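Student: Before we start, here is the structure in question, set down as structure tokens.
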Amino acid sequence: MSQQYQFPRRSTLAMAVLTVFLTGCATFSNDGGLDSVSTMTKERTGQAIQFSKPSAEANTTSDTVRQLLQKPLTPDTAVQIALLNNKGLQVSFAELGVAEADLVQAGRLRNPSFSFGRMRGGDDVEIERSVMFDLIGLVTMPIRSGIEKRRFEQAKLQTASQAVQLAADTRRAYFNAVAAQQTALYMEQVQGAADAGAEMSQRLARVGNVSKLDQAREQVFFADATAQVARARHNATAAREQLTRLLGLWGVNASFKLPDRLPDLPKAPNDMANVEQLAMSQRLDVQMAKSDAQATARALGLTKATRFINVLDAGYANTSETGEPRANGYEIELELPIFDWSGARTARAEAMYMQSVNRTADLAIRARSQVREAYSAYRTTYDLARHYQTEVVPLRKKISDEVLLRYNGMLASVFELLTDARDQVSSVNAAIEAQRDFWIAETDLQAAINGTGGSSVQISSSAPAEAGAAEH
């Protein structure tokens, strides 16, 4: 004899209310965490980020990029395009969605399990039914939700950190590309002057007005200038392609325009007395390390809370048998800690917590050192660039003017004029490099304060040595 089971009305109502309450507490946000990521990025780079979906919004983004590419790029417009168009950054947005999905999942109770059994012996039929709920999951839901919430917040920090890093990389690539293009244009001018000098020396050699030594000097200068032009053109192409990759451009959009020269130096450098405090309060990797330590501490609390009982299910059970009244009751299922008392799991959680604490302390020490180094590079490169701008280049120009006056007064030969032009090459190139290094050092300083990393500028004495050798 078979019987159809029905839940009592009161139990059904209570179960429905419980289910709605538990599932209603865990929902997805409207922005997926992108608003806070955009705010953190804008605070540190001056540019907000936008999430492009594969729909009409993607076309809008492309229109915005094309509009920005109509004029020569500036550092700010380059960063804006990168934040809009870089596909690697779009990957981090998807990772943020994964973290939010984990948060929502942690706020939902595991689906109940239903079991049904039917036994028949002769004319007797016994039917068993039960519905089981995860009580441990219900009890620990606030803790698990708190852990996943902190992980979601950490994912926001990670995404914002990647956006800030992308902005810094784009600015570095921009200044490298402009400086390389500026150097290539200058070296082409040098090549033209060297070509004119070599041709003049050949004409004078035909009439016997130049020595073989002077003629050889002009010819080797032209040969070196030709090689330098080829090298400078390749460096300009490589630097431009690096910027193109960061901007996420291809096809016709890759033919963007760059200014002919680097931006002018500021009138004075920024005096940052509290640079370490700024780094500790604004640096995203430090905040991520702190968030990771807090999340690990919460996970340790969950591990200790479920150390002895890790599985506890409870539910309603119903049994009916032929010729017997229906039997109602409840059923509890738990895991007995006989073989595994979760000591290893707790020890692992404690070790992971100490790992995160020491990692945070180590990161703070390195961040303080990196920001001090970045500020030193910033001030040094500014002083060097200003030195070339106010001392070296003006003195070179003064020397050139004096040689030109002597040449016009027939007190200097044409070869003295050409020799002076050769001597200017190293000084002008060093001035361009010094100006480029300052803007990169300024980018590194902001990255050291707001994002990750320190100074990437290597200050050496190669440029002054070359200048001195040229003078000699």
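Student: At q = 0.12, 0.16, 0.19 Å⁻¹, what log₁₀ I(q)/I(0) does segment 86-171 have when each alpha carbon counts as one equal point scatterer in the Debye sum?
Tutor: -0.58, -0.75, -0.87
Student: In whole Å, how far is the Cα centre of segment 125-188 from that of segment 347-364?
Tutor: 20 Å
Student: May I pose another question? If the reach is capped at under 25 angstrom between alpha carbons, list the lysines near K71, excluding any in the same chain fewer than eight residues apart.
Tutor: Straight-line reach from K71, under 25 Å: K42, K87, K257.
Student: In nanometres, what is the gap between the two model label sites at Q219 and A254, each 7 Å from Cα along Cα-to-Cβ?
Tutor: Placing both labels 7 Å along Cα→Cβ, they lie 4.1 nm apart.
Student: Which is farthest toward the positive dipole end of segment 34-186 among V104, V37, F116, measuring Cα position about the Cα centre, with Cβ charges +1 (Lys, Arg) and -1 (Asp, Glu)?
Tutor: V37
Student: Right, here's the next one. Taking the simple approach of a point 7 Å from Cα along Cα-to-Cβ for both A230 and N358, what is their distance in nm?
Tutor: 5.5 nm
Student: If I histogram all Cα-Cα distances within segment 219-301 using bins 5 Å wide from 0, what percent of pairs lands in each bin?
Tutor: Percent of pairs per bin, in order: 3, 10, 9, 9, 9, 10, 13, 12, 9, 6, 5, 3, 1, 1, 0, 0.
Coordinate-derived values only; no laboratory data. Owing to the predicted nature of the structure, the values given are computational and were not obtained by experimental measurement. Positions of Cβ are backbone-derived with ideal geometry, glycine not excepted, and every protein chain shown enters the neighbour counts.
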